[in-house]
Amino acid sequence: MKKINILISTFFGNGYISRIPGTFTSLSTLIILYILFEILQFKNLNYILILYSIIFFYSFYAVMDSETEFEDKDPRQIVIDEVLGQAMPLIFIVYLSSKNLINVPVEIYYFLSFILFRFFDIVKPFPVSYFDKQHKNFFGIIMDDIMAGLYTILIIYFISFKIGRASCRERV
């Protein structure tokens, strides 16, 4: 079971990439979910949220079980947290799209999601920094990226709101 948890925690080995494994994993997540959501048109939010929830809750166990295999308190090899954090705004984009609140090519939102998530994950504004510094365990490993994902969702929401309002004024 430990080998499976390490496989999940490292997102099938992405965490072993020698340079910028978090950024690589965020980009991998974006590409996989873009294909799933936009090309294969899997956009059933109920199923997406159920699957995300299962992965989210299981990740706590997987990270807790596998973090002892690595030397650091926040091992760079553990990247499932990047998957979870990056997936949040991408799922939100599916929601915005389902409500017809996207008035520019959806790829712009995906690009913004990636840039914003990486920014918040690297810069770590509060409360991202709180979870990163105060919880040096499986909980902190995951929750700092969840907070970065929430910040990304907020910015994307405000951008979609502004673009949506501007496009409504153009139609009048």
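The values are calculated or read from the model by the stated rules, or taken from the named source; none is laboratory data. Remember, predicted model here, so these are calculated numbers, not experimental data. FYI the Cβ positions are ideal-geometry reconstructions off the backbone, even for glycines, and counts take in every protein chain you see. Keep in mind that these areas ignore ligands, DNA and RNA; they rest on the heavy atoms of the full protein, side chains included. Shrake-Rupley method; radii C 1.70, N 1.55, O 1.52, S 1.80 Å.
Which numbered condition in (1) under 13 Å from the mean Cα position of the chain (by Cα); (2) at pLDDT below 85 is the only one that N137 fails?
Checking N137 against (1) under 13 Å from the mean Cα position of the chain (by Cα); (2) at pLDDT below 85, the one that fails is (1).
Criterion first (modelled with pLDDT of 95 or more and open to solvent by less than 90 Å² (accessible area, probe 1.4 Å)) does I17 satisfy it?
Spelling it out, it is not the case that I17 is modelled with pLDDT of 95 or more and open to solvent by less than 90 Å² (accessible area, probe 1.4 Å).
Being of a type in the set (A, V, I, L, M) and touching an Asp or Glu at 6+ places or on another chain (Cβ under 8 Å) narrows it down to one residue among I108, I141; which is it?
I141
Would the range 24-38 turn up any residue that is touching a residue at least 60 places away in the same chain (Cβ under 8 Å), surrounded by fewer than 16 Cβ atoms within 10 Å (Cβ to Cβ) and part of a helix (DSSP H, G or I)?
No.
For residues that are part of a loop (DSSP other than H, G, I, E, B) and open to solvent by less than 100 Å² (accessible area, probe 1.4 Å), scanning just the range 39-60, find the one that is farthest from Y95 (Cα to Cα).
Only one residue fits best here, namely F42.
Sort out which residues of the range 1-23 are hydroxyl-bearing (S, T, Y) and part of a helix (DSSP H, G or I), and write them in order of number.
Matches in the range 1-23: S9, Y16, T23.
Applying the selection to the range 70-92, what residues are hydrophobic (A, V, I, L, M, F, W, C) and more than 17 Å from S28 (Cβ to Cβ)?
The answer is F70, F92.
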